[in-house]
Amino acid sequence: MLKNEIVLSVGQLNRQVGQLLEGHFSQIWVKGEVSNFTQAASGHWYFTIKDERASVRAVMFRGRASAVGFVPKAGERFEFRASVTLYEARGDYQLQVETLRRAGLGDLHEAFLQLKEKLAAEGLFDTDRKRPIPAIPRTVGVITSLAAAALRDVLSALERRAPQVHIIIYPAPVQGAAAAGQLAEALNAAIQRNEVDTLLLVRGGGSLEDLWSFNDETLARAIAASPIPIICGVGHETDFTIADFVADIRAPTPTAAAELCCPPRQTLLTHVAAAVGSLTAQQLRLIERASLRLDRALAMLVSPQQRLAQQSERLQVLKNRLARAAGAPYERRAASLDALQSRLMRAAPQSARLRRELQHNVLRLSAAAPRQLAQQGARLSAAFLTLQALSPAKILGRGYAIVRDAQGEVVKNALDLSKGDRLNLELAQGSTDVEVLRASSLL
């Protein structure tokens, strides 16, 4: 052995080799097939990555594995981002996987960009073709899976924000090979039934492959052709699909889609209260103006006493003129004039008597008004109690429900129903949709 030769132990050799591997092969992508997959009790994943020519051992620690969202199966192909490490105890090298994606997602992204460019060139994303969303919808349709968490989020948001809005669900799978076609079928069914003001197309978050059903060209064209405004809330805020670009409004989440489709109930009530207040103020102003016009008209009227006094004064003037006239022919006319004056005085209204009668009638009216109001109030209270007792809401509060079929008609006979029919139950607090499992008569 030469004097300056360095002798390494096996552990030192493996350590240095490991440092070389980690320094040279850090953060690389490796494509292969999973085999010998094992999920340890600690949550770590141990498996082998192989292709037609070779294989390598790999490990994915629990923290990284829990973020994947699914468990790989033997035989599936993935692309792994990993660093190369050396297990010093045995001298075996392995891959320490940080993340993985299904093989071919790069092709999916390329297909996404190509379809986006094609539809954009056709004008399907143009702002001027977007339909306006109804400001106050009566009925909102939701296209999603019945098992999706997104559906629960939408229903919860609408119940909290606008409980008066009726909701119709058009179920369709949101993931899988046939999901895009079934989503398009659900959309076409909603268009044909024409029973909603706004449609919500929603799904929770996921990978590009999970959301791929919403990048389908057929579904995109169905959304663009829909006469019903559509709000698309697919994935999380950072997720974008072709359906988002074609829809009339893109919402960052399903909950946001529910919030965009209708204003809060409290806001509507505030607007109604403001409108009622404005209408009341306008009515008061109209009444005040009419009262002023009435006062001016009354001021222009001349009372019978005043008119009689004016006529008497004019008569006296004429009498004096007649008395000053000379000659016998005028005396006869003077006598006739006196007779006419006597008749006029006898025919004049008895103002004092009429004033007493008027005061008497005013007193009678003042006494009768409270009694009349009390009688009408009692009748109104009785009618209100009767109406309240017969109110449908009162009946529903005792545990009853109003059952309507898919056409909104009230169901009265169980024999009119068939298994699979969809019904709407209106309860004392809200409503719900059910499906008939069995129909039978109590008779």
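Counting only helices (runs of 4 or more DSSP H) wholly contained in segment 205-289, the ones carrying 2 or more residues that are outside the structural domain of G69 (by TED's automatic domain parsing) and under 19 Å from K118 (Cβ atoms) occupy 217-225, 242-246.
A Cβ distance below 6 Å, combined with a sequence gap of six or more or placement on separate chains, defines the contacts here; from segment 299-316, residues that are within 20 Å of R346 (Cβ to Cβ) reach residues that are surrounded by 10 or more Cβ atoms within 10 Å (Cβ to Cβ) and of a type in the set (A, V, I, L, M, F, W, C) in the pairs L308/A348. With respect to (1) part of a loop (DSSP other than H, G, I, E, B); (2) touching a strand residue (DSSP E or B) at 6+ places or on another chain (Cβ under 8 Å); (3) on the phi < 0 side of the Ramachandran plot, the lone exception for A439 is condition (2).
Of all residues in segment 39-75, those being surrounded by 14 or more Cβ atoms within 10 Å (Cβ to Cβ) and out of contact with any Leu (no Cβ under 8 Å at 6 or more places or on another chain) number 10. Residues in segment 385-436 that are more than 27 Å from the chain's Cα centre (by Cα) and on the phi > 0 side of the Ramachandran plot: G399, G420. Here is the figure for segment 110-145: residues that are surrounded by 12 or more Cβ atoms within 10 Å (Cβ to Cβ) and either of a type outside the set (D, E, K, R) or in contact with a Gly (Cβ under 6 Å, 6 or more places away or on another chain) (or both) total 18. Against the condition surrounded by fewer than 17 Cβ atoms within 10 Å (Cβ to Cβ) and either among the polar types (S, T, N, Q) or at pLDDT 90 or above (or both), how does A224 come out, does it pass? In short, no.
When restricted to residues that are surrounded by fewer than 18 Cβ atoms within 10 Å (Cβ to Cβ) and either of a type in the set (A, V, I, L, M) or farther than 28 Å from P264 by Cα (or both), segment 192-207 contains 3.
Any chance segment 186-193 includes a residue that's β-branched (V, I, T), more than 22 Å from G235 (Cβ to Cβ) and either without any contact (Cβ under 8 Å) to a residue 40 or more places away in the chain or out of contact with any Ser or Thr (no Cβ under 8 Å at 6 or more places or on another chain) (or both)?
Step one: filter segment 186-193 for residues β-branched (V, I, T), giving 191.
Checking which are more than 22 Å from G235 (Cβ to Cβ) leaves us with 191.
If we keep only those that are either without any contact (Cβ under 8 Å) to a residue 40 or more places away in the chain or out of contact with any Ser or Thr (no Cβ under 8 Å at 6 or more places or on another chain) (or both) as well, we get 191.
Scanning segment 186-193, I find at least one residue that is β-branched (V, I, T), more than 22 Å from G235 (Cβ to Cβ) and either without any contact (Cβ under 8 Å) to a residue 40 or more places away in the chain or out of contact with any Ser or Thr (no Cβ under 8 Å at 6 or more places or on another chain) (or both), so the answer is yes.
The values are calculated or read from the model by the stated rules, or taken from the named source; none is laboratory data. These figures come from a predicted structure and were not determined experimentally. Virtual Cβ from ideal backbone geometry, glycine too; neighbours counted across all protein chains shown.
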